[in-house]
1. Checking Phe75 against (1) crowded, with 16+ Cβ neighbours inside 10 Å; (2) touching a residue at least 40 places away in the same chain (Cβ under 8 Å); (3) not aliphatic (A, V, I, L, M), which single condition isn't satisfied?
2. Looking at Ser57, Ser116, Ser120, Ser131, which is the one that is modelled with pLDDT under 85, on the phi > 0 side of the Ramachandran plot and polar (S, T, N, Q)?
3. Of the numbered conditions (1) within 17 Å of the chain's Cα centre (by Cα); (2) farther than 15 Å from Ala145 by Cβ; (3) not small (Gly, Ala, Ser), Ile98 satisfies every one except a single condition; which is it?
4. Can you report the number of residues in segment 108-150 which are assigned to a strand (DSSP E or B) and surrounded by fewer than 14 Cβ atoms within 10 Å (Cβ to Cβ)?
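The values are calculated or read from the model by the stated rules, or taken from the named source; none is laboratory data. Quantities reported herein were computed from a predicted structural model and do not represent experimental measurements. Please note: Cβ atoms are built from the backbone with ideal geometry, for glycine as well, and neighbour counts cover all protein chains shown.
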Amino acid sequence: MDLPIAFSGLVLLIALTVWGLTVLLGWLIRRRLVQEYERLGESTSEEMLDELETAYSPRQTVRIHTQVEYLPYVFERVREITENGFDDKQMLSLLERIETHRPNERRQAVFPIEVSGKRSDLHFQWTRDASDRIELRVIAAPRIARALREQKKKIPKAVLAR
């Protein structure tokens with residue numbers, strides 16, 4: 001009779017030890033998961049600096065008044081300078097949007113791009129009149145703005161009807 005009582009005591013001791021270890025392991029895992037969850041909103045200092053650099057990168061504005069048919073030359077010049085972010089598909093999509101929107105409405109588009117290894121945004125704002133004249137305003141990195149000013153000299157200006 002002593003053997004079954006000793007054996008049941010040993011089984012009870014093992015069961016309590018396993019239960020205690022399971023509770024301890026569960027508590028440690030839960031604590032680790034809560035810490036990971038709370039850290040999700042935090043960023044590393046490098047991520048914060050990259051975000052600030054993108055948000056406050058220098059930008060310049062260029063205004064171009066021209067006919068719709070000359071816009072592909074303007075956009076091609078922008079595409080040549082950007083290393084990433086304004087490819088052929090986006091350029092064609094933007095041209096299509098400009099050609100199909102109704103006159104006398106202001107529209108805009110923003111493209112995240114990379115120029116000289118730095119991330120930036122490329123803002124296009126345009127207005128189209130009934131005679132297919134476009135007033136295009138481009139807010140971009142200084143390198144793109146300089147190239148657009150050079151390109152602006154090469155394209156005909158929109159003829160203003162009076």
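1. All conditions are met except number (2).
2. Working: Ser57 fails: on the phi > 0 side of the Ramachandran plot; Ser120 fails: on the phi > 0 side of the Ramachandran plot; Ser131 fails: on the phi > 0 side of the Ramachandran plot.
The unique qualifying residue is Ser116.
3. Single failed check for Ile98: (1).
4. Filtering segment 108-150 down to residues assigned to a strand (DSSP E or B) leaves 108-115, 118-128, 133-140.
Within this subset, residues satisfying the condition of being surrounded by fewer than 14 Cβ atoms within 10 Å (Cβ to Cβ) are 108, 110, 112.
The qualifying residues number 3.
Okay, residues lined up against (1) closer than 17 Å to Arg137 by Cβ; (2) without any contact (Cβ under 8 Å) to a residue 12 or more places away in the chain:
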| site | (1), (2) |
| --- | --- |
| Gly9 | no, yes |
| Ala15 | no, yes |
| Ile29 | no, yes |
| Glu36 | no, yes |
| Glu46 | no, yes |
| Tyr70 | yes, no |
| Gly85 | no, no |
| His101 | yes, no |
| Arg106 | yes, no |
